[in-house]
Amino acid sequence: MFTPVISGTGVFTPEEVITNDELVAAFNAYADRMNAANAEAIARGEMAPLEHSSSEFIFKASGIERRHVIDKSGVLDPAVMHPLLPQRADGDLSLMAEMAVDACGKALDQAGVAADQIDLVICAASNLERAYPAVAIEIQQAIGAGGFAFDMNVACSSATFGIQAAADMLRAGSVRKAIVVNPEICSAHLEWRDRDCHFIFGDVATATVIERKEDTSGGGFEILSTRCATQYSNNIRNNNGFLRRSRPDGMKDRRDMQFMQNGRKVFKEVLPLVSAHVLRHMAESGVGSDELRRIWLHQANKTMNDFIGKKVLGRVPEAGEQPNILQDYANTSSAGSIIAFAQNCQDLKAGDCGLICSFGAGYSVGSVLLRRL
Ligand code: COA
C-alpha cells in the first residue's frame with residue numbers, strides 16, 4: 001500500500017464579478033418588467049406579482065457578498081437573465097476544459113509535477129457540458145497527461161468523492177500521480193429569475209494533485225483517510241437529463257430544468273447529517289477535535305458552516321480555524337471546500353491535522369482528513 005499526499009492545488013477564478021447590489025438591481029428590473037407585462041392578470045388575481053429581492057436579505061441569509069461568473073452581461077440584462085455562453089465548435093476546447101486547464105496548470109506548478117507524469121485525471125463536477133466523450137479525457141489531452149481519465153458527478157460533493165477515488169487508486173498502486181479537477185459553471189444551471197435562489201451560485205474551477213508520499217519533495221498534506229456517504233433526497237434537484245431534452249414541451253422555460261431546492265429543509269436535514277458524519281469519521285480515524293487545526297467546509301451558507309464548525313470542534317471556532325470564502329465566491333458547488341483549502345492551508349505546520357468536508361445534493365457528504373507533512 002502507498003500513502004497518498006495532496007501536493008498541489010490550483011484555482012481558476014473568472015475575471016467578471018457580480019456584487020449583490022448589481023444582482024438585485026437586475027432582478028428587480030426584471031420583476032418590474034414582468035409585473036408590467038402581466039398587469040391585467042395580476043389585477044384579476046390570476047397571477048401573483050414578482051416581489052423585489054434585496055442585498056440585505058442575501059447577505060443575512062447566506063453570507064454571500066459577490067460572485068465570479070464567466071459572463072455577467074447576460075445575467076444582468078433583465079431581458080436575458082442567464083449567462084451568454086455560445087456553444088463552441090466540436091473541434092474547439094470546451095469551456096469546462098478551458099477552465100480546468102488553467103486550474104490544473106496552477107496545481108501542477110505548486111506540486112512541481114510535469115503534466116506528462118499524471119496517469120489519472122478525474123473531472124468531478126455537478127454538471128457536465130456533454131454526455132461524451134468525457135470532459136476529463138479532453139482535459140487529459142489538453143494538459144498532456146497520460147494514463148486514463150473519467151468524469152464523475154456527485155453534485156456539491158464531487159471533489160471529495162473524486163479525491164477518495166483517486167486516493168484509493170494511489171493506495172492500491174493502480175495509478176502513480178492523479179489530478180482531480182472541478183470546473184463548476186454554476187451560473188448556467190442557476191435560475192436567475194427565481195428570487196429565492198438567484199444569489200446562490202458562482203463559477204470557478206479547482207484542481208488537486210495527489211501523489212505517493214515517496215514521490216513528493218516534502219511539504220504537502222498526507223491523506224490520512226476519507227469517508228463518503230449518501231442518502232436519497234429530492235430537496236435539491238435538477239431534472240435536466242437527456243430523456244427530458246427530447247420532449248417537445250418548451251424545456252427552456254421549464255423551471256425544473258435548472259437548480260431547484262427546498263432551502264429550509266436542506267438546512268435542517270443536512271446539518272445533523274454532516275456533523276454526525278464528520279464526528280464518526282474522526283472517531284474511526286483516531287483524530288480528536290483537539291488535534292484539528294483547520295476545517296475547510298463546503299461553501300453554501302455561513303450560518304450552516306458556523307454550526308458545523310462548532311459541532312465538530314465542540315466550541316466556537318477561533319478566527320481562521322474554519323475559513324469561509326463564500327463571501328467572495330458564493331456557492332461554487334464542489335469547488336468551494338477546495339478553494340477554502342487552497343487559500344488557507346500554507347500556514348499549517350508539520351504534523352497539524354485538518355479536514356476538508358463537502359455536502360450537497362443527493363444528499364451526499366464527503367470528508368478528507370489530512371496531516372501536514
Ligand atoms: N430577497 C428578499 N427576500 C427574500 C428573498 C430575496 N432574494 N428570497 C426569499 N425571500 C423571503 C422569502 O419569501 C421569505 O419570506 P416570508 O418569510 O414572508 O415567507 C423570507 O425571505 C425567508 O425565506 P427563506 O427561503 O425561508 O430564507 P432562509 O432564511 O431559509 O434562507 C437559503 C434561504 C436558501 C439561503 C437557506 O435556506 C439556505 O442556505 N439553505 C441551505 C442551502 C444549501 O445548502 N443548499 C445546498 C445547495 S448545494
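The values are calculated or read from the model by the stated rules, or taken from the named source; none is laboratory data. Remember, predicted model here, so these are calculated numbers, not experimental data. Here Cβ is always computed from backbone atoms with ideal geometry, including for glycine, and neighbour counts include all displayed protein chains.
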Scope the stretch 59-111; condition in contact (Cβ under 8 Å) with a residue 60 or more places away in the chain and either within 16 Å of the ligand (Cβ to nearest atom) or loosely packed, with under 14 Cβ neighbours inside 10 Å (or both); matching residues: 61, 62, 63, 64, 65, 66, 67, 75, 81, 109
Search result, residues across the stretch 277-313 that are in contact with a helix residue (DSSP H, G or I) (Cβ under 9 Å, 6 or more places away or on another chain) and more than 30 Å from residue 67 (Cα to Cα): 279, 282, 287, 288, 289, 290, 291
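So which of 314, 320, 362 is at pLDDT below 95, of a type outside the set (A, V, I, L, M) and over 14 Å from residue 297 (Cα atoms)?
Working: 320 fails: over 14 Å from residue 297 (Cα atoms); 362 fails: at pLDDT below 95.
So the residue among 314, 320, 362 that is at pLDDT below 95, of a type outside the set (A, V, I, L, M) and over 14 Å from residue 297 (Cα atoms) is 314.
From the set of residues in the stretch 24-57 that are aliphatic (A, V, I, L, M) and in contact with a helix residue (DSSP H, G or I) (Cβ under 8 Å, 6 or more places away or on another chain), which is farthest from residue 83 (Cα to Cα)? Even if it seems obvious, please write down each step before you answer.
Our first condition is that a residue be aliphatic (A, V, I, L, M); within the stretch 24-57, this holds for 24-26, 29, 31, 34, 36-37, 39, 41-43, 47-48, 50.
Cutting the leftovers down to in contact with a helix residue (DSSP H, G or I) (Cβ under 8 Å, 6 or more places away or on another chain) gives us 24, 26, 42, 47-48, 50.
Numbers: 24: 16, 26: 13, 42: 29, 47: 27, 48: 26, 50: 21 Å.
Top of the filtered list is 42.
Could you check, for the stretch 257-270, whether at least one of its residues is among the basic types (Lys, Arg), surrounded by 19 or more Cβ atoms within 10 Å (Cβ to Cβ) and over 27 Å from residue 22 (Cβ atoms)?
Start the filter on the stretch 257-270 by keeping residues that are among the basic types (Lys, Arg), which leaves 264-265, 268.
The next check asks that each one be surrounded by 19 or more Cβ atoms within 10 Å (Cβ to Cβ); those that pass are none.
No, the stretch 257-270 has no match at all.
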Identity of the residue in the stretch 112-136, over 12 Å from residue 151 (Cβ atoms) and buried (at least 23 other Cβ atoms within 10 Å of the Cβ), that ends up nearest to the chain's Cα centre (by Cα): 120
